[in-house]
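What follows is a short report on a single structure.
Values quoted throughout were computed directly from the atomic coordinates according to the rules given, and no laboratory measurement underlies them. Every value quoted in this text rests on a predicted model; they were computed, and no experiment measured them. Cβ placement follows ideal geometry from the backbone for every residue including glycine, while neighbour counts extend to all protein chains displayed.
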Amino acid sequence: MRTFVTKLLRFIVVIIAVTFFSFSLIKLVPGDPVNYIIPFGSGAIKAQLRHDLHLDDPFFVQYWHWLRNFFTGDMGRYYGTSFGGGVSVSNQLWKALPFSLVLIFYAQVLALAIAIPLGVVTAYRAGTKFDGASNAIAFGFLALPSYVLAFFLAIWVAVKWGWLPVSAAGKEISPVTDWQYMILPTISLAAAQVAVYMRLLRSDVVATLREDFITTAQAKGIPNRRILFRHALRPSSLTLLTVAGLNVGALIGGAVVVEVIFELPGMGYALFQAIGAKQYVAMQSYIAVIAIVYVVINFVVDILYSVLDPRIRHARAAA
Amino acid sequence: MPEPLPSPAEELATEEAREGLPVDAGTREIAAVVAVPGVTAARRRKKPFGIGAWFALGWLVFVIGIALLAPILPLKDPINWSDPALKLQGPQWGHLLGLDQGGHDMLSLLVWGARPSLVIGFGSIAIGFVVGGTFGLIAGYFRGFIGELLGGLFDIMLAIPAVILALAIVAATSASVTENTGSHITNVTIALAIVSVPILGRITRASALSWSDREFVLAARAQGASHFRILWREILPNVLPAMFSIAVLGIAVAIVAEGALAILGAGVNAASTPSWGNIIVGGQSSLSDAGYIVIEASIAIFLTVLSLNHLGDALRARFDVQEARI
Amino acid sequence: MWFRRRKRRSLDSADRFPSAPPDAPLLEVDDARTYFETDRGPVRAVDGVTFSLDRGKTLGIVGESGCGKTVLSRSVMGLLPKHNVIRSGSVKFEGQEIGNWGPDQMRPLWGTQMAMVFQDPMTSLNPVMSIGHQITEPLLYHFDIATGYARELAVALLQSVGIPEPERRLKQYPHELSGGMRQRVMIAIAMACGPKLLFADEPTTALDVTVQAQILDLLQTQQRERYMAMALVTHDLGVVAGRTDDIAVMYAGRLVEKAPTKILFSQPRMPYTEALMASIPKLGDAAHTRLATIPGRPPNLLNPPRGCKFSPRCAYVQDKCRVEEPPLRPGADGKHEFACWFPVGTPEGRAAFESNKKAGLAAVDARLSAETAPVEGVS
């Protein structure tokens, strides 16, 4: 219980730090940020905006205002001529968030679905040509940035062969029902992860297969396939699951790029558009939300990990 | 990333020594051969710097070489020279790699483009290595409050996904991305350096922690060595080799990140300085008819990353085995 | 391999191999050899072992670390790794030759006909599977029974190995049990499908001394109740004394002495056996008695010495021993087999010992020190 409370405290501290950072970004902008947000506004409008954003107030007062607004749902608005002017950020944000979350979820699931059987089988057949070939291919995919694969898929599958749509620009789609728009982005994201997970699992399973309890299982007459997937996989999967959980951060980064390439209306694409239009207010909110989602996911993974491993659970209970 | 497999015989031998249990030599021999035929055989043969590693090194030398020599190579100026009539035409005589969407020569674009990409890659990791490494060493050696504080700082910095963090920093500091002045190489380098500091710092800290626990450190303290001396003479030389392989792998990541930032609009200014990343961005719109633009730049990045990965793995295999023997 | 459903057998596992002659021993091993291919050449872990085992009898296989006894038991069961292993010789189970059977053929036998209890219960149990699951798994796999019934069987098994509160244990994990209890669970798992042959490979080495006797008693009880044949493999002569019908002493991959237990202990013939017995510290010894050791180290199994493998360390060694390997052959009474040119307790042996003693052989000194008085100056 004590560790849970510690983790919770750390979680809160990190959330505050992250929001602090997102907020301070606007201070990094050289010159007066208002000039970038509404470059064509009149002096009076700019002054009004500066007042609304508390830009002339002391630093922590600004922060306090921003924080209060953020957690009560007011995440600012778009200014100027972009997005029809005055559209609230939270509007866009809540529409965009599901896309990114679903994309990341699909990518993880796809990567694990391919990597787990591959990892186990290559471990079982370690040293054979199959293993060597798989490892070489995995190594190749590790070096392939997800955007390169995305472009490649876009050129061939979408444009040349026309099997799948290239982009979802301008359309109102849902991430779940209109899944054909999600296929190429998911594959681009998942490919590099497959390589990482497969190698990780393989080395863990190879080590586990050398343990004594595998011989015990053999001596019970249990067939190899069952031993592989029921006996060897479970102890070896803990590292994989932790890495998969912690990897979501890398996936968020990759998802941002992939969304931009395929013009998928997720958080990454929204952030990209906000930056392009110099809408720093919107940018602050998007970054804050993305970072908070990441922290929350890591926290959940951490708790899940200690729940799932019976050894840790009992060690905690005993302590 | 997977660990290199320790030789089972070695594993058992150290275990046996630790626990004083008599391990049946039969079992030991079983263990020694129960690992896979290919792997065991390779391990017995002291793994030479394989042919793959030579290719990797060769490519890197080549790329760094042409990047350094770009000003004196007989290439057309990538920015100022262009033949709009020839734009979007593929490889042909006189333009071995074709031309881009503005009629610029692809070959010179790629050669000149290597410079920012490599500078950003090596530069950001170098800074991150020095800064993160120093803080990590301090955190790992001193432990206690300083260690926890620095560790906590690292954790907070790591709480924001790397690409987002870099993007935010670059976007905020390069507010004038569309201006023709300035190339923003520094901004990108510093942003990526900031992103790499906590990652390298955390790894250095863990490594320093484990090395600080060893008895030779205690022995040095007992002889009156100052903290600085211990850090510099005892701990750093042991931490350094493993960190090198991480750094090499990190350079590859930084180069990829440069491309990602370019796609996200926070990269090097394309109008003034080509980089592999913004070549890809430029070629995005002509994907269907002139896909080679994106493909060529992608291949450049891919080969460089592949070579760096290979080298990093080879370095790690060399140094980690030595570590295990202690 | 992928989706072949296993034909489940009925619960009654009393069937035998069709060709089994009714009076034949359960297990017959004839000149079994197991070599491991390594880069430096073949390691002769088991180098020609012959013995047989009947149902209801216990055989003790005794030897130092490195003599190949573990490899022997794994070879007989067929639990060797698939790469770089060379096997020869005959292993007959109920008259059926299984020495050349691969894992696919052996698998129906594992657990149901023959089982093994391993040395270290800590690492031999899957740490992330509950005890109940590990016991019911072979039951559910080999037999056509319902899960609930399998669980009842598991509870009964746990009870029969002396574990208190068996229902509670089903849901527990190995790390929640003590070493002795874990070993009992291992025994329960081995017994689960009612095997006819049990290999106990150093079952007590990893346990506290106080628990060792309990586990050995448990094994004996189980063996008697189930009328099993048991092979008790150990390096500790104390473990096999009084618990086995016959003892086979192994050295460097071969059997060097084989005899009914009482005869072996009363009159060992092989100098190695005698040295082993002498090295056991006895309760009746005075305080600070020097431990009698066997000087030297076990031979290199890659390049074994010519002649008798024990000759470098033997107190009875003569020139003939270094040149010619003594065969394992029965003595006068027919039941006691040994492999020695100058056996203990014979006139030739005594003469050899005396001449070595005069020559000041180190092995003789070590052998004699077991009988000397306490060291001077220490009371």
Peptide B:290-299 - average C-beta neighbours from other chains (10 Å radius): 3
Whole-number D in µm²/s for region C:268-372 (Stokes-Einstein; Kirkwood sum over Cα pairs; 37 °C, 0.692 mPa s): 226
Using the charge dipole of chain A (Lys, Arg: +1 at Cβ; Asp, Glu: -1 at Cβ; taken about the Cα centre), state which of A:Pro265, A:Thr208, A:Ser237 has its Cα farthest towards the positive end. A:Thr208
Fewest-first ordering of A:Ser188, A:Ser236, B:Ser82 by Cβ atoms within 10 Å yields B:Ser82, A:Ser236, A:Ser188
Using a/c under 1.5 as the rounded threshold, could you call the protein assembly as shown rounded, prolate or oblate? The axes a ≥ b ≥ c are square roots of the C-alpha gyration tensor eigenvalues, and prolate needs a/b larger than b/c, oblate otherwise. prolate
Region B:51-318 pair-distance distribution - Cα-Cα, 10 Å bins, rounded %: 7, 26, 29, 20, 11, 5, 2, 0
Relative to the present Cα-Cα distance, how much length would full extension add between B:Ile51 and B:Ile299 at 0.36 nm per residue of separation? 87.2 nm
Each residue of region B:210-220 in turn: what ³J(HN,Hα) in whole Hz from Karplus with 6.51, -1.76, 1.60 and θ = phi - 60°, glycine and Pro shown as x? 5, 6, 5, 7, 6, 6, 5, 5, 4, 4, 5
Tell me the net charge near C:Pro121. Cut-off is 10 Å between Cβ atoms, C:Pro121 excluded, with +1 for each Lys or Arg and -1 for each Asp or Glu. 0
I want the local charge near C:Gly179. Using Cβ-Cβ distances under 13 Å, sum +1 for each Lys or Arg and -1 for each Asp or Glu among the other residues. -1
Region C:268-372, relative contact order in percent, only Cα pairs under 8 angstrom and at least six apart counted: 34
For chain C, the Rg and Dmax computed from alpha carbons only, in angstrom: 22.6, 75
Check the straight Cα-Cα distances from C:Lys282 and name the lysines below 22 Å, setting aside those fewer than 8 residues away within the same chain. C:Lys262
Counting Lys and Arg as +1 and Asp and Glu as -1, each charge on the Cβ, what is the dipole of the protein assembly as shown about the Cα centre in debye, to the nearest 20? 860
Computed over all unlike Cα pairs, the Kirkwood hydrodynamic radius of region C:240-323 in Å stands at 14.3
Sorting C:Met106, A:Met182 on the 10 Å Cβ count, fewest up front, what's the list? C:Met106, A:Met182
Please state the shape class of chain A: rounded when a/c is under 1.5, otherwise prolate if a/b exceeds b/c and oblate if not, all from the C-alpha gyration tensor. oblate
State the percent of C-alpha pairs, over all pairs in region C:25-163, separated by a distance greater than 28 angstrom. 30
Just subtract the alpha-carbon distance of B:Leu68 and B:Ile146 from 0.36 nm times their residue separation and send over the number in nm, one decimal. 23.9 nm
Of B:Leu303, B:Pro241, B:Leu75, which is farthest on the positive side of the dipole of region B:51-318, counting Cα position, with +1 on Lys and Arg Cβ, -1 on Asp and Glu Cβ, and the Cα centre as origin? B:Pro241
Amide H contacts under 5 Å for C:Arg254, placed H, 5+ residues apart: C:Asp47
Given an 8 Å cut-off on Cα distances and at least 6 residues of separation, report the relative contact order of chain A as a percent. 26
Report ³J(HN,Hα) in whole Hz for each residue of region C:146-153, in order, from the Karplus equation J = 6.51 cos²θ - 1.76 cosθ + 1.60 where θ = phi - 60°; Gly and Pro get x. 7, 4, x, 5, 4, 5, 4, 4
Charges on Cβ only, +1 for Lys and Arg, -1 for Asp and Glu, centred on the Cα centroid of region C:268-372; of C:Phe353, C:Val317, C:Phe338, which one is farthest towards the dipole's positive end? C:Val317
Most fluctuating residue given options A:Ser90, A:Ser100, A:Ser285, as computed from a GNM of chain A linking Cα atoms under 10 Å: A:Ser90
Express as a percent, rounded to the nearest 5, the fraction of DSSP beta bridges in region C:152-300 (both residues included) that run antiparallel. 55
Using +1 on the beta carbon of Lys and Arg, -1 on that of Asp and Glu, and nothing else charged, what's the dipole of chain A about the Cα centre, debye to 20? 1080
Considering only C-alpha atoms, what is the centroid distance from region C:24-38 to region C:213-274, in Å? 19
Amide H to amide H under 5 Å from C:Gly89: which residues, 5+ apart in sequence or cross-chain, H placed 1.01 Å off N in plane? C:Arg33
Expected output is a single nm value to one decimal: the length gained when fully extending between C:Thr210 and C:Arg306, i.e. 0.36 nm times separation in residues minus the C-alpha distance. What is it? 30.3 nm
Å³ per residue of the Cα convex hull, for region B:156-283? 119
Within the set of other residues whose C-beta is less than 14 Å from the C-beta of C:Pro330, count the net charge using Lys and Arg as +1 and Asp and Glu as -1. 0
Please tell me the relative contact order of chain C in percent, rounded to the nearest whole number, where contacts are Cα pairs under 8 Å and at least six residues apart. 18
For region B:83-91, 3J(HN,Hα) per residue [Karplus equation, 6.51 cos²θ - 1.76 cosθ + 1.60, θ = phi - 60°, Hz, x = Gly/Pro]: 10, x, 5, 9, 5, 6, 9, x, x
Model label zone, B:Ser286; criterion: amide N under 19 Å from point 7 Å along Cα-to-beta-carbon; scope region B:300-317: B:300
